[in-house]
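First the structure, in the form of structure tokens, and then the observations on it.
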Amino acid sequence: MSVTKGQIRSWSRMGQRATFFGVAMPELAKEDESLMVLTADLAQLSNLSRFAEQFPEQFLNVGIAEQDMVGIASGLAMEGYHVFATTYASFLAVRDLEQVRQHVAHLNLNVKLVGTAAGVVAARSGIAHWASEDIAFMRALPNMTVMSAADGLQAYYMALYSARYDGPMYIRLSGGPGCPIVYDESYVFEPGRISFLQRGSDVALIGTGLMVHEAMETAKLLEQSGISCTVADMHTIKPVDQHSLWEIFNGHRLIVTMEEHNVVGGMGSAVAEYKATLANTPPQMLIGFPDAFSDAGAPRYIWEHFGITAPQVAEKIVKRLRGSEHD
């Protein structure tokens, strides 16, 4: 279907999770009777209530039993079903990690794991609902593709793509209702390829998830200081788009990776791992959560506490560039 400006605005208000499950999943279920959606007692929060009413034979709520959900999803996949299993990202990546590793990844099953409320959108509920390690855990698993949506439109396209993809996949959905718009109706989703939102020559800002919009805002601030920025969206974290990264490394003075995730093992680490194999690459700043926990609070409070908002990032970059000029 062709996407309109009105739909993009609507999906922004709904948020990534509601767009993925409330818009894309019903479309896909009509086309594929083998598609099954499993949730661990989050039908209402994941906007799956309408799906459950329309497709009762393709929906299963396992209750508050996230590890059982992954086991059931694996069994269904072995019987030929195309399975989407969803709960909070913190539960999928931490509580369910053994089941995901032993069953989904090791057996290379056609199960799509959709982690919602990634990052710190649910941080008011405490550290149990804080998903700041999920990228690290999931990308370390063989056979696992890892994606992170920047806005509602991209979440919609990820749902469509993942339904065609055969194999294990972890899809990270962050933010809540009122998710910032990154892309317009001209956007073409290219799985596995970094998306460029603008091109510059001094600093490359590589974001993922909600940090893509924050990177755009950072670029605006830096341009006021005469710093030319590239803004790139690394929506596919595994496998790494080496071709685009090589292009980025060869055209900038500084690489800045931005993520709502621990800097240990996240998207920035994936970039650094590839960069370490090359000679004569520019330095890299890793923007994300430090290797530490925080008190519960609103998402923006935690972002500011750890210094990952656009004004804070822009200030760090200016200081870094000025420091390098004086070296």
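The values are calculated or read from the model by the stated rules, or taken from the named source; none is laboratory data. Keep in mind it's a predicted model, so treat the numbers as computed, not measured. Cβ sites come from the backbone with ideal geometry, for glycine too, and all protein chains shown count toward neighbours.
Is there a residue being within 19 Å of the chain's Cα centre (by Cα), buried (at least 17 other Cβ atoms within 10 Å of the Cβ), under 30 Å from S294 (Cβ atoms) and at pLDDT 95 or above anywhere in segment 66-86?
Yes; the residues of segment 66-86 include at least one that is within 19 Å of the chain's Cα centre (by Cα), buried (at least 17 other Cβ atoms within 10 Å of the Cβ), under 30 Å from S294 (Cβ atoms) and at pLDDT 95 or above.
Quick check on M14: is it under 18 Å from L160 (Cβ atoms) and not β-branched (V, I, T)?
Yes: the conditions hold for M14.
Assess whether E27 counts as being of a type in the set (D, E, K, R) and closer than 20 Å to G167 by Cβ.
Criteria not met by E27.
If F137 passes every condition in (1) modelled with pLDDT of 95 or more; (2) assigned to a loop (DSSP other than H, G, I, E, B); (3) not hydroxyl-bearing (S, T, Y) but one, which one does it miss?
(2)
Mind checking which residues of segment 253-288 are small (G, A, S), under 15 Å from the mean Cα position of the chain (by Cα) and part of a loop (DSSP other than H, G, I, E, B)?
Matches in segment 253-288: G265, G266.
Residues that are of a type in the set (V, I, T), at least 2 per element: which strands (runs of 3 or more DSSP E) completely within segment 1-116 meet that?
35-39, 82-88
For segment 283-324, enumerate the residues that are aromatic (F, W, Y) and either surrounded by 17 or more Cβ atoms within 10 Å (Cβ to Cβ) or free of Cβ contacts under 8 Å to residues at least 24 places away in the same chain (or both).
F289, Y301, W303, F306
Residues checked against (1) over 29 Å from A292 (Cβ atoms); (2) among the β-branched types (V, I, T):
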{"site": "V111", "(1), (2)": "yes, yes"}
{"site": "V114", "(1), (2)": "no, yes"}
{"site": "G119", "(1), (2)": "no, no"}
{"site": "A131", "(1), (2)": "no, no"}
{"site": "M144", "(1), (2)": "no, no"}
{"site": "S148", "(1), (2)": "no, no"}
{"site": "Y156", "(1), (2)": "yes, no"}
{"site": "A159", "(1), (2)": "yes, no"}
{"site": "M169", "(1), (2)": "yes, no"}
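Cβ contacts < 8 Å: first residue in contact (Cβ under 8 Å) with a residue 12 or more places away in the chain, restricted to segment 68-79; second residue acidic (D, E), any location; separation 6+ or different chain. Result?
Here the result reads M69/D96; V70/D96, each pair linking segment 68-79 to a residue that is acidic (D, E).
Could you grab the pairs with beta carbons closer than 6 Å, sequence gap of 6+ or different chains, first residue in segment 93-105 and buried (at least 22 other Cβ atoms within 10 Å of the Cβ), second one of a type in the set (F, W, Y)?
A93/F137
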